[in-house]
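Take a look at the structure set out below.
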Amino acid sequence: MKIVALAGGVGGARFLRGLRDALDADPGLAHSTLTVIANTGDDITLFGLRVSPDVDTLLYTLGGGIDEAQGWGRAEESFAVQGELAAYGVQPQWFALGDKDFGTHIARSLWLGHGLTPTEITARLAERWGLPGRGITILPMTDAPVETHVVVERAGGPEAIHFQQWWVAERAETRAEKFVVAGLDRATPAPGVLEAIGAADLVLLPPSNPVVSIGIILGVPGVREALRGTPAPIVGVAPLIGGRPVRGHADACLRAIGVDSTAAAVAGLYADFLDGWLVDPGDLESGPYPDGMQVIAHDGPLLMSDRQAAARIARASLDLGLSVNV
Ligand code: GDP
Ligand code: CA
């Protein structure tokens, strides 16, 4: 089976690792391939290096190098380089980059300088993490430089800041007025993105941020149309439980686009293409859900508390995808 998923960072990566586990545990599905279309709107240039946080979180999580407790960054990491930069007064210091992590960003930046595309670079990085051998392909949503910015209200008037500055430095506490995605209108899907959606047997939306992860991917011209047009079933996992994000600030992002923080309202964002929606048992009655969408409750909390729990959620979304009416 050819499975395609749209994903952001931590939520997407944990789900997809569970999905690979669930597929590998099923003799009938173990040969399935997994193509991940990754958000690159979070990308940022720091110290002259191109950082692609969601792609890196996917690589490290699926490749076994992630800091498990934190959900991002490398396991057994040190911060000597960033400490040296701080000693020289080099800014910014609010974005933590470990020494091993720096290796990824240096390699990416070097290869960009050699003229390789983000798609080619991601493939090279993925090779080191053993992903091709496990039937996993990560595609950046686009090869064009795209950056999500957040318009916030300051004393002197509105100001647009990089998404990472709002999310990390300001912990999304400053009220977001809107998101502006530089370069998105002129971006084209990366090679293979539309083809993968068109050829998929199943498309999955992991529990990723509906606004700044999935929403950005859907904004790449052509992607949403491809999802509407694919004959494959499309199934998603709610990123909210009881009206709250499990981690991160999806509620602050939803408020900025005028959407309620509920599993039903998030489903509404995908109503034009989504066939099935997996929710926490407590959210089943909290609709109304969009007409024609098959909404089912997970058999247990919709919480990826560990790798096994993530695999069970992934398995449930697979089963929903295999049974849903398209
Ligand atoms: P980011 O790029 O690191 O913010 O990661 P994503 O966009 O992939 O995922 C963030 C979203 O995943 C947030 O809206 C979280 O609420 C959601 N999420 C994280 N862990 C879980 C979980 O265990 N269960 C569910 N249902 N959602 C989760
Ligand atoms: Ca992200």
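Calculate, for Asp291 and Tyr88, the FRET efficiency according to 1/(1 + (r/R0)^6) with r their C-beta to C-beta distance and R0 56 Å; round to the nearest 0.05.
0.45
For the chain, what are the per-bin percents of Cα-Cα distances with bins 20 Å wide, up to the bin holding the maximum?
Taking all Cα pairs of the chain, the binned fractions are 33, 60, 7, 0 percent.
What longest region of the chain stays clear of trypsin sites (Lys or Arg not before Pro) that DSSP places outside H, G, I, E and B and that have at most 15 other Cβ atoms within 10 Å?
The longest uninterrupted stretch comes out as 1-170.
What is the helix-to-structure angle for 118-128, meaning the angle in degrees between its Cα long axis and the longest Cα principal axis of the chain, kept from 0 to 90 and rounded to the nearest 10?
The angle comes out near 80 degrees.
Return, ordered by residue number, the residues of segment 1-15 whose backbone nitrogen is under 19 Å from a label point located 7 Å along Cα→Cβ of Ala96.
Answer for this model: 9-14.
Just how far, in whole angstrom, is segment 285-326 from segment 149-184 if you go by their alpha carbon centroids?
So the separation of the two Cα centres works out to 32 Å.
Let me know the volume per residue of the alpha-carbon convex hull for segment 1-80, in Å³.
With only Cα atoms used, segment 1-80 gives 94 Å³ per residue.
Convert each backbone phi in segment 79-94 into a coupling constant with the Karplus relation 6.51 cos²θ - 1.76 cosθ + 1.60 (shift: θ = phi - 60°), then list the ³J(HN,Hα) values in order as whole Hz, x for Gly and Pro.
Running phi through 6.51 cos²θ - 1.76 cosθ + 1.60 with θ = phi - 60° gives 10, 5, 5, 5, x, 5, 4, 4, 4, 8, x, 6, 10, x, 10, 7 Hz.
Which GluC sites (Glu not before Pro) in segment 108-203 sit in a loop by DSSP (not H, G, I, E or B) and have at most 12 other Cβ atoms within 10 Å of their own Cβ?
Loop-located and lightly packed - Glu173.
Tell me the angle of helix 53-63 to the major Cα principal axis of the chain, expressed in degrees between 0 and 90 and rounded to the nearest ten.
60 degrees
What are the chymotrypsin sites (Phe, Trp or Tyr not before Pro) within segment 29-106 that DSSP puts in a loop, where the Cβ has at most 13 other Cβ atoms within 10 Å?
Tyr88, Trp94
Once you have the Kirkwood Rh of segment 1-139 from its Cα pairs, apply Stokes-Einstein at 4 °C and 1.567 mPa s and quote D in µm²/s.
Diffusion coefficient, whole number: 82 µm²/s.
Cα convex hull of segment 125-263: how many Å³ per residue?
141 Å³
Rounded to the nearest 0.05, what FRET efficiency do Asp201 and Glu177 give with R0 = 45 Å and r taken as the Cβ-Cβ distance? Could you check?
That pair, Asp201 with Glu177, gives E of 0.65.
Sticking to Cα atoms, compute the Rg of segment 85-139 to one decimal and its Dmax as the biggest Cα-Cα distance, whole number, in Å.
Final numbers for Rg and Dmax: 14.2, 44 Å.
So what is the calculated 222 nm ellipticity per residue for the chain, using -39500 (n - 2.57) for each DSSP H run with n of 4 or more, over all residues, to the nearest 500 deg cm²/dmol?
So the calculated ellipticity at 222 nm is -10000 deg cm²/dmol.
At 0.36 nm per residue, and after removing the present C-alpha to C-alpha distance, how many nm does the segment from Leu303 to Leu116 gain when stretched out fully?
Working it through step by step, the gained length comes to 63.5 nm.
FYI, it's all coordinate maths here, none of it is from the lab. A quick note: this is a predicted structure, and the numbers were derived from the prediction, not measured. All Cβ positions, even for glycine, are placed from backbone atoms using ideal geometry, and neighbour counts span all protein chains on display.
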